[in-house]
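Everything on this sheet refers to the single structure shown next.
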Amino acid sequence: DAGVIQSPRHEVTEMGQEVTLRCKPISGHNSLFWYRQTMMRGLELLIYFNNNVPIDDSGMPEDRFSAKMPNASFSTLKIQPSEPRDSAVYFCASSSSPGQEGYTFGSGTRLTVV
Amino acid sequence: GESVGLHLPTLSVQEGDNSIINCAYSNSASDYFIWYKQESGKGPQFIIDIRSNMDKRQGQRVTVLLNKTVKHLSLQIAATQPGDSAVYFCAENGQGNTPLVFGKGTRLSVIA
């Protein structure tokens, strides 16, 4: 298995633009998680899905953030409009269970909003 | 709220020595714990996990110890190597089958 695949690896965009981050989880994993990592706040859970259904989005910072999982092999995290404070590394992870098995993380997307 | 915390933000060890990275947790309902390693520019990588019905688990060069009495988790790395240099995170599941909550991380630097 190629692991969790995220794209793009790096994204530089101007403030106000829409940004879409993509994730392909490991086949057979039915839980998918979006995390944001910053020096100040560490790893923060933004949202997670179970069987393609959003379960908890309480970590999504604002309405500018949205996430979808149209099928078991694909998820997107969208920021519209983007702001400089959104600059961070965004990780996608997948697992066979939300809290009883380890997560496999992707390599992350480093987002810079200028 | 309850959270996972770390005693030491940075740790420097000589190559070949053993490393011990500590983590305190406050949620007594947590029953699953994991240690992750994150190298620069990469995503967190699973190292070892332990469930609350155990107090020790060993892997290759790594041992995780769980002390539920004082809510303490530690990761021991034997014969630390330069390739062990990374940030190490502990994580707990909080309660039941809820998502993992990660600590802030400890940076391990191995001195050759």
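The values are calculated or read from the model by the stated rules, or taken from the named source; none is laboratory data. Fair warning: this is a prediction, and the values are worked out from it, not measured in the lab. Heads up, the Cβs are rebuilt from the backbone with ideal geometry, glycines too, and the neighbour counts pull from every protein chain shown.
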Determine whether region A:42-61 contains at least one residue that is at the interface with another protein chain (Cβ under 9 Å from one of its Cβ atoms) and more than 19 Å from B:Gly43 (Cβ to Cβ).
yes
Any residue in region A:78-85 that is at pLDDT 95 or above, assigned to a strand (DSSP E or B) and closer than 26 Å to B:Gly94 by Cβ?
no
Filter result (modelled with pLDDT of 95 or more and assigned to a loop (DSSP other than H, G, I, E, B)) within region B:72-95
B:Ala78, B:Ala79, B:Thr80, B:Gln81, B:Ser85
Pick from region A:96-114, criterion polar (S, T, N, Q) and modelled with pLDDT of 95 or more, ranking: farthest from B:Lys37 (Cα to Cα):
A:Thr112
Of the conditions (1) modelled with pLDDT of 95 or more; (2) within 14 Å of chain B (Cβ to nearest Cβ), A:Arg64 clears all except one; give me its number.
(2)
Taking first residues from region B:27-43 that are part of a loop (DSSP other than H, G, I, E, B) and second residues anywhere that are among the aliphatic types (A, V, I, L, M) and modelled with pLDDT of 95 or more, the pairs with Cβ under 6 Å that are 6 or more apart or on different chains are B:Glu39/B:Ala86
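Go through region B:60-112 and give me each residue that's of a type in the set (D, E, K, R), more than 14 Å from chain A (Cβ to nearest Cβ) and on the phi < 0 side of the Ramachandran plot.
Filtering region B:60-112 for residues of a type in the set (D, E, K, R) gives B:61, B:68, B:71, B:84, B:92, B:104, B:107.
Adding the requirement that they be more than 14 Å from chain A (Cβ to nearest Cβ) leaves B:61, B:68, B:71, B:84.
Across region B:60-112, the qualifying residues are B:Lys68, B:Asp84.
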Region B:58-95, subset in contact (Cβ under 8 Å) with a residue 60 or more places away in the chain and under 18 Å from A:Gln100 (Cα atoms), residue surrounded by the fewest Cβ atoms within 10 Å (Cβ to Cβ):
B:Gln95
Can you tell me which residue among A:Ile5, A:Ile55, A:Ile47, A:Ile79 is surrounded by 13 or more Cβ atoms within 10 Å (Cβ to Cβ) and in contact with a helix residue (DSSP H, G or I) (Cβ under 7 Å, 6 or more places away or on another chain)?
A:Ile79
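Within region A:88-108, which residues are assigned to a loop (DSSP other than H, G, I, E, B) and touching a residue at least 40 places away in the same chain (Cβ under 8 Å)? Outline the logic, then answer.
From region A:88-108, those assigned to a loop (DSSP other than H, G, I, E, B) are A:96-103, A:106-108; that's our starting set.
Listed by number, the residues that qualify are A:Ser96, A:Ser97, A:Pro98, A:Tyr103, A:Gly106, A:Ser107, A:Gly108.
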I'm told B:Thr98 meets every condition in (1) in contact with a Pro (Cβ under 7 Å, 6 or more places away or on another chain); (2) surrounded by fewer than 21 Cβ atoms within 10 Å (Cβ to Cβ); (3) assigned to a strand (DSSP E or B) except one. Can you identify the failing condition by its number?
(3)
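Answer yes or no as to whether B:Lys42 is more than 21 Å from A:Arg36 (Cα to Cα) and not hydroxyl-bearing (Ser, Thr, Tyr). Steps first, please.
Working: more than 21 Å from A:Arg36 (Cα to Cα): no; not hydroxyl-bearing (Ser, Thr, Tyr): yes.
Judged against the criteria, B:Lys42 is not a match.
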